[in-house]
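A short write-up of the structure that comes next.
The values are calculated or read from the model by the stated rules, or taken from the named source; none is laboratory data. Keep in mind the model is a prediction, meaning the values are calculated, not measured. Reconstructed Cβ throughout: ideal geometry from the backbone, glycine too, with neighbour counts over all protein chains shown. Calculation scope for accessible area: heavy atoms of the full protein, side chains included, ligands and nucleic acids excluded. Shrake-Rupley method; radii C 1.70, N 1.55, O 1.52, S 1.80 Å.
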Amino acid sequence: MCGRTSCHLPRDVLTRACAYRDRQGYQQLPEWRDPDKYCPSYNKTPQSNNPVLLSRLHFEKGADSSERIIAPMRWGLVPSWFKEDDPSKLQFNTTNCRSDTMMEKLSFKVPLGRGRRCVVLADGFYEWQRCQGTSQTQPYFIYFPQIKTEKLGSIGAADSPEEWEKVWDNWRLLTMAGIFDCWEPPKGGDILYSYTIITVDSCKGLNDIHHRMPAILDGDEAVSKWLDFGEVSTQEALKLIHPTENITFHPVSPVVNDSRNNTPECLVPVDLPVKKELKASGSSQRMLQWLATKSPKKEDSKIAQKEESDVPQWSSQFLQKSPVPTKRGSAGLLERWLKQEKEEPLAKRPHFQ
């Protein structure tokens, strides 16, 4: 399942991260609808407003169905046929919909038949691994592998999310397949746009964490086909719904367990105890460069030394049968990580291809 995500990028950065090519091959940026409803957060939960991509044709008759709109929508689909006056009275959970049963359930089958396909945007999502023999769980942050760019500055501790704008400026957003619907209050009022995330069996790389994962659309071609309901039939689009191995992850602090916590600490890597010595690697340092680069506005630009291997990958030792989270305070968390990296770098995690 998928019940918690991070999407903290400022609106303009999020827009640039969604650049695409239209049917004529020209690069475009999607336009926003109701942009003021977007609230960036490191810890997004169901019933919050989250950004999704969808075809312009849903809003404008005669529009090119390959053109894209970004619109904040409520997480948790409210069917168009729902008759109550309050969406919270919906008696069943529509946060996710299983790919193997979605064509059997009216709530998902009807909007899917109308072409109401969307792509849910996020930095990544969280999942919890149950520790064997205990009631404890270990949270993980799961996302696309990232490619380092020369826009990264020198390493240092970020003081606030605002300072991270340049760090995340080239972050590859996770693109998850979703279905949306439009609900009109029986007594009148604004139309509510809401969505659900399609889920599939987990890939081999994530199976030890959880047996389900979002249906991730890997690459702009897959995103385009899923969104372009004017040219791509439902039957063809459903061929895109399957697990992907192109995913990476790292353990994070239990601070993310409380949905009221909306801080960078939610997605910063933490170390887990291991039984054997790990070989040195610079891979985890690259992720910390993404998460801990100081703002170029506040210090002189220092271009990080370019390395041949650009994709941050993570130690297989992160997946343990009974991990026990290390207790940490929020103050100086990134600094402690950076100091530790100089002494005991983490081993390299195989990249799932």
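Miscellaneous remarks
Let's see how each residue does on (1) within 18 Å of residue 230 (Cβ to Cβ); (2) aromatic (Phe, Trp, Tyr); (3) open to solvent by 50 Å² or more (accessible area, probe 1.4 Å); (4) at pLDDT below 95:
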| site | (1), (2), (3), (4) |
| --- | --- |
| 52 | yes, no, no, no |
| 64 | yes, no, no, yes |
| 68 | yes, no, no, no |
| 72 | no, no, no, no |
| 86 | no, no, yes, yes |
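- Some residue of the range 41-50 being among the β-branched types (Val, Ile, Thr) and either free of Cβ contacts under 8 Å to residues at least 12 places away in the same chain or out of contact with any strand residue (DSSP E or B) (no Cβ under 8 Å at 6 or more places or on another chain) (or both): no
- Pair list, Cβ under 8 Å, 6 or more apart: the range 104-119 residue closer than 23 Å to residue 49 by Cβ and basic (Lys, Arg), other residue open to solvent by 10 Å² or more (accessible area, probe 1.4 Å) and assigned to a loop (DSSP other than H, G, I, E, B): 116/229; 117/229
- Of the residues making up the range 87-105, one or more are out of contact with any Asp or Glu (no Cβ under 9 Å at 6 or more places or on another chain), charged (D, E, K, R) and more than 26 Å from residue 259 (Cβ to Cβ).
- Count of the range 193-251 residues which are closer than 20 Å to residue 108 by Cα, touching a His at 6+ places or on another chain (Cβ under 8 Å) and open to solvent by less than 20 Å² (accessible area, probe 1.4 Å): 2
- Neighbours by Cβ (under 8 Å, 6+ apart or cross-chain): first from the range 62-81, in contact (Cβ under 8 Å) with a residue 60 or more places away in the chain and among the β-branched types (Val, Ile, Thr); second surrounded by fewer than 18 Cβ atoms within 10 Å (Cβ to Cβ) and part of a loop (DSSP other than H, G, I, E, B): 78/90
This table checks each residue for (1) acidic (Asp, Glu); (2) free of Cβ contacts under 8 Å to residues at least 40 places away in the same chain; (3) closer than 20 Å to residue 121 by Cα.
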{"residue": "205", "(1), (2), (3)": "no, no, no"}
{"residue": "213", "(1), (2), (3)": "no, no, yes"}
{"residue": "219", "(1), (2), (3)": "no, yes, yes"}
{"residue": "231", "(1), (2), (3)": "yes, no, no"}
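Here is a yes/no grid of residues against (1) open to solvent by less than 10 Å² (accessible area, probe 1.4 Å); (2) at pLDDT below 80:
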| site | (1), (2) |
| --- | --- |
| 126 | yes, no |
| 143 | yes, no |
| 147 | no, yes |
| 160 | no, yes |
| 168 | yes, yes |
| 184 | no, no |
